Amino acid sequence: MIKLSKTMPEKYSGDLVAFLVSQPKKGSPKCAQTQVQKVIKRAHASGDFVGKEGQVIFHYPETTGKNRLHAKRLLVLGVGNEKIDQESFRKAGGAISAQAIKTKAKKIMVVVPENLDLATSDVAAGLSEGLILGAYQFKKYKAKNNDEVGELKEALLFAEDQVSARRGIKFGAIGARAACIARDMANEPGNQWTPSHFADFAKQLAKKNGLVCKVLSKAQMKQQGMGGILGVNQGSDQPPKMVILEYKVNPKASTLLLVGKGLTFDSGGISLKPSAGMEDMKYDMCGGAAVLSAMQAVSEAKLKKVNVIAIVPATENLPGPSALKPGDVISQYGGKTVEVKNTDAEGRLILADALAYGIKKFKPDMVVDMATLTGAVIIGLGHHRTGLLSNDDDLCERLISAGEESGEPVWRLPLGPEYTKQLKSTIADLSNIGNRAAGTITAGAFLQEFVGDTPWAHLDIAGTAWNFTEKSYVPKGPSGVGVRILFELIKNWRK
Ligand code: BES
Ligand code: ZN
Ligand code: ZN
């Protein structure tokens, strides 16, 4: 969808051409294109436009005269003057997409501004991400002839430094497209996205991009003693799947293990959730979706600095006749026993099996898991930051900076023996819940019991996987959060 333009902006005859301007300390914002500069001057003189972030001029340009524009519509967008970074251009890209869709412009051009304190590749990457993420729609189940809203088909970027812009577009588009795939999976309803769909997606991706895919069946899980995922699956008719993708590119490099919660519908099980809002629990697979989509991005970009393994334990959590009952005791992969006091705290049970199995089998140097794990993280951090819990300061630093860079910020919460103690059970090694206090931390403390000394981080995306912070490039519904922070982490990998 995003391409580099060979046509000059004034000669572009598509549906819309967009220029970006920063806000000067005083006076009218500057634009090198004469016609556009005239429009900006008039808007500025009227007091309407100073180039502040998010300010727009929408205009139907003259069709005659020298220096005239050939595009049907002109958009001038302010990007502000403070802290102009990649996120500024993501937001700008999102705003441009929104305007294009609203006016039914299908083909557009965006002119990459020069003379900023930001590399052209970063500007182009930010714009590409914002344009793609902001143009996202999920129309699969709507009537085909529904033309209430437009659809952006093609965006050309015009840039002086083509080499740098091309690089930015490449990585920006790969990350954003992968995030859109994660949104697609999440938008699918529970009856259309089951554990088997996760398995099929991974197999296809493996075939396309040369990864290795293995899927453990229910019988193989039994052989391996994966009592967590099997227990959670007991109330469901859909077979569970343990989906494993291997991207092994460099025998000398380290190995990163990613684990994502693939709960395709969480009713709570016998500890049934209230019906109001239960439909949102089709999103309980967003961790799994993020991890597999990140594998798509990494393999498409052919990153070579680190080997990456992804595991998605996938099942439904339903209250069928064989479902786990509160108080049941299960045995996790590796042998630890757990008293399941609340069947709605199921994510940690399936993750525990996947983490312990992945660490034993692949001996990774680092592990990151991602899950819509606790409602409590929404109470603590709202919908603006993902919760981070970890046993390793270096990994935290990497994730915090990848979060800032990608516009998917995280915030670290503590772990410690005082929290782990809340998980004591009188009859088993562990209970799957603490008391009400520090719900996000005790969930993390539970997972910590299954990672040993391996550097590990847990990202609780329950607050950010949908209803994420209002931004131009984040639509209502699933955000695709997690994909781009992982892509960023892996792009910047160092030993
Ligand atoms: N999938 C939910 C967590 C969740 C809740 C995600 C709301 C997004 C929005 C998880 O399986 C769950 O139900 N957790 C319980 C844990 C509790 C029983 C200790 C929760 O958060 O209430
Ligand atoms: Zn639950
Ligand atoms: Zn859940």
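The values are calculated or read from the model by the stated rules, or taken from the named source; none is laboratory data. Just so we're clear, the structure is a prediction, and the values are computed from it rather than from any experiment. No Cβ is skipped: glycine too gets one built from the backbone with ideal geometry, and neighbour counts run over all protein chains shown. These accessible areas exclude ligands, DNA and RNA; they are computed on the full protein's heavy atoms, side chains included. Shrake-Rupley method; radii C 1.70, N 1.55, O 1.52, S 1.80 Å.
Of all the criteria given as (1) among the hydrophobic types (A, V, I, L, M, F, W, C); (2) free of Cβ contacts under 8 Å to residues at least 40 places away in the same chain; (3) under 25 Å from Gly480 (Cα atoms), the one not satisfied by Phe201 is (2).
Taken over the stretch 110-163, residues that are farther than 17 Å from Gly93 by Cβ and either among the small types (Gly, Ala, Ser) or in contact with a Cys (Cβ under 8 Å, 6 or more places away or on another chain) (or both) amount to 1.
Step by step: first the residues of the stretch 380-402, then only those that are in a helix (DSSP H, G or I) and among the aliphatic types (A, V, I, L, M), then the one that is nearest to Lys476 (Cα to Cα). Which residue is that? Spell out how you get there, then give the answer.
Filtering the stretch 380-402 for residues in a helix (DSSP H, G or I) gives 380-381, 393-402.
Now restrict to residues that are among the aliphatic types (A, V, I, L, M): 381, 395, 399-400, 402.
Details: Leu381: 19, Leu395: 31, Leu399: 25, Ile400: 25, Ala402: 24 Å.
Only one residue fits best here, namely Leu381.
Of the residues in the stretch 124-143, not one is surrounded by 22 or more Cβ atoms within 10 Å (Cβ to Cβ), within 20 Å of Ile309 (Cα to Cα) and aromatic (Phe, Trp, Tyr). Within the stretch 225-239, if we keep just the residues that are closer than 18 Å to Ser322 by Cα and more than 16 Å from ligand 3 (Cβ to nearest atom), the residue that is least open to solvent (accessible area, probe 1.4 Å) turns out to be Met226. Note on the stretch 154-176: residues that are touching a residue at least 60 places away in the same chain (Cβ under 8 Å), within 19 Å of Ile132 (Cβ to Cβ) and in a helix (DSSP H, G or I) total 10. Entry remark, the stretch 252-270: residues being polar (S, T, N, Q) and either within 12 Å of ligand 1 (Cβ to nearest atom) or at pLDDT below 95 (or both) number 2 in total.
Being in a loop (DSSP other than H, G, I, E, B) and closer than 14 Å to Asp392 by Cα is the filter here, so list the residues in the stretch 413-453 that pass it.
The initial filter retains those residues of the stretch 413-453 that are in a loop (DSSP other than H, G, I, E, B), namely 413-416, 424-429, 432-438, 449-453.
Those that are in a loop (DSSP other than H, G, I, E, B) and closer than 14 Å to Asp392 by Cα: Leu413, Pro414, Leu415, Gly416, Val451, Gly452, Asp453.
Here the condition is being open to solvent by 10 Å² or more (accessible area, probe 1.4 Å), of a type in the set (A, V, I, L, M) and under 13 Å from Arg348 (Cβ atoms); of Ile400, Ile427, Ile379, Ile433, it holds for Ile433 alone.
Inside the stretch 359-368, can you point out the residues that are over 22 Å from Gln220 (Cβ atoms) and either open to solvent by less than 30 Å² (accessible area, probe 1.4 Å) or near ligand 1 (Cβ under 10 Å from one of its atoms) (or both)?
If we filter the stretch 359-368 for residues that are over 22 Å from Gln220 (Cβ atoms), which is where we start, we get 365-366, 368.
Residues satisfying the conditions are Met366, Val368.
Suppose we keep only residues that are assigned to a helix (DSSP H, G or I) and over 17 Å from Ile485 (Cβ atoms) within the stretch 131-153. Which one would you say is farthest from the chain's Cα centre (by Cα)? Among them, the one singled out is Leu131.
Just one of Glu279, Glu300 is of a type in the set (D, E, K, R) and under 30 Å from Gly168 (Cα atoms); which is it? Give the derivation first.
Details: Glu279 fails: under 30 Å from Gly168 (Cα atoms).
Residue meeting the stated conditions: Glu300.
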